[in-house]
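S.K.: Below is the structure I would like to discuss, written out as structure tokens.
Read-outs: derived from the displayed coordinates by stated rules, not from any lab. Predicted, not measured: the structure shown is a model, and the values here were computed from it. As a convention, Cβ positions derive from the backbone with ideal geometry for all residues, glycine included, and neighbour counts pool all protein chains shown.
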Ligand code: HEM
């Protein structure tokens, strides 16, 4: 494989800036346009419960996960400290993502909507399962109780590879989600299909 290109600008700073901008953007969207967030509500729409989902998913899996991946480059000090920051941020990311999942599940339950009927939900659940497995394997092998030297050396390339694959799947998930949001906006509701047909005949 060719050597990685040398980047001549502070790319970690740019990643951090974009991660924070995304987090600020989704928080603003949820609070300003969607009525805020809550873990339980009497509101009939149950929207505040749903809103917890995109906010925590994005802050957890995009912003914090991005920081955690960069920790080996951005955190000064010993390798052990870098590893601890990486592990702690991933743990926080996983914790937020599980609350985000619980929130959308609760929203579906309370609104009597079926679970897991979209591509987004299948890809999303697969992502969360792999993310949790990756975290548990990494913790077990690289932190506590810690694998043998040769065990760690053979797992490391896989650990790094799956982190990269995870980010790619997350990217795909967000692209699919974006496309579905646009489709949902432009497509006529079920009741309107006949009206549209009628007007073109
Ligand atoms: C980025 C990581 C994300 C993951 C891993 C994820 C995962 C999931 C999962 C597993 C479900 C299924 C819940 C159920 O069936 O009860 C779901 C539902 C949903 N999510 Fe996400 N989600 C993510 C981000 C987002 C974002 C940013 C939005 C933006 C609005 C969003 C909107 C929705 C909607 C509308 C549903 C309900 C419809 C459906 O099941 O597709 N999600 N998500």
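S.K.: Based on the Cβ-Cβ distance from residue 172 to residue 150, what FRET efficiency comes out when R0 is 45 Å, to the nearest 0.05?
M.R.: Taking R0 as 45 Å, the efficiency between residue 172 and residue 150 is 0.85.
S.K.: Next question. Report the full-extension gain for the segment residue 4 to residue 137: residue separation times 0.36 nm, less the Cα-Cα distance, to one decimal in nm.
M.R.: Between residue 4 and residue 137, full extension yields an extra 45.2 nm.
S.K.: Taking neighbour counts of Cβ atoms within 10 Å as a proxy for exposure, in what order, fewest first, do 169, 148 appear? Could the numbers behind the result be given before it?
M.R.: On the way: 169 16, 148 9.
Listed from fewest to most nearby Cβ atoms, that is 148, 169.
S.K.: Tell me the angle of helix 119-138 to the major Cα principal axis of the chain, expressed in degrees between 0 and 90 and rounded to the nearest ten.
M.R.: Here the helix axis deviates by roughly 20 degrees.
S.K.: Still on this structure: Please work out the FRET efficiency for the pair residue 28 and residue 125, using the Cβ-Cβ distance as r and a Förster radius of 22 Å; give the result to the nearest 0.05.
M.R.: It comes to 0.20.
S.K.: Sticking with this one: For the stretch 1-60, what ratio Rg/Rh do Cα atoms give with a Kirkwood hydrodynamic radius?
M.R.: 1.27
S.K.: Over the Cα atoms, compute the radius of gyration (one decimal) and Dmax (the largest Cα-Cα distance, rounded to a whole number) for the chain, in Å.
M.R.: Taking only Cα atoms of the chain, I get Rg and Dmax of 20.5, 73 Å.
S.K.: Consider a paramagnetic label point 7 Å from the Cα of residue 79 along Cα→Cβ; state which residues of the stretch 115-152 have an amide N under 14 Å from it.
M.R.: Zone members listed by number: 142-143, 147-152.
S.K.: Sticking with this structure for a sec: Return one number: the angle in degrees, 0 to 90 and rounded to the nearest 10, between the long axis of the Cα atoms of helix 79-110 and the longest principal axis of the Cα atoms of the chain.
M.R.: Relative to the chain, helix 79-110 is tipped by roughly 20 degrees.
S.K.: Hey, another quick one. Hey, can you rank 54-67, 122-135, 33-46, 91-104 by average C-beta count inside 10 Å, highest first?
M.R.: Most protected by this proxy first, the peptides run 54-67, 91-104, 122-135, 33-46.
S.K.: Using a ≥ b ≥ c from the Cα gyration tensor of the stretch 122-167 (square roots of the eigenvalues), is it rounded, prolate or oblate, where a/c under 1.5 gives rounded and otherwise the larger of a/b and b/c decides, a/b for prolate?
M.R.: Because a/c hits 1.5 or more and a/b fails to exceed b/c, the stretch 122-167 counts as oblate.
S.K.: Say a paramagnetic label sat at a point 7 Å from the Cα of residue 115, along Cα to Cβ; which residues of the stretch 42-69 have their backbone N under 19 Å from it?
M.R.: Counting backbone N atoms under 19 Å from the label point, the list is 49-54, 57.
S.K.: Measuring from label point to label point, each 7 Å out along Cα→Cβ, what is the residue 88 to residue 17 span in nm?
M.R.: Taking the two extended label points, one gets 2.7 nm.
S.K.: Right, next: For the stretch 77-166, go through all pairs of different Cα atoms, get the mean of 1/r, take its inverse, and jot down that Kirkwood value in Å.
M.R.: When all Cα pairs of the stretch 77-166 are included, the Kirkwood radius is 15.0 Å.
S.K.: If a paramagnetic tag sat 7 Å from the Cα of residue 179 along the Cα-Cβ line, which residues of the stretch 95-129 would have the backbone N under 13 Å from that point?
M.R.: The answer is 119-120, whose backbone nitrogens lie closer than 13 Å to the label point.
S.K.: By its C-alpha gyration tensor, with a ≥ b ≥ c as the square roots of the eigenvalues, how is the stretch 140-190 shaped: rounded for a/c under 1.5, else prolate for a/b larger than b/c, else oblate?
M.R.: Because a/c hits 1.5 or more and a/b exceeds b/c, the stretch 140-190 counts as prolate.
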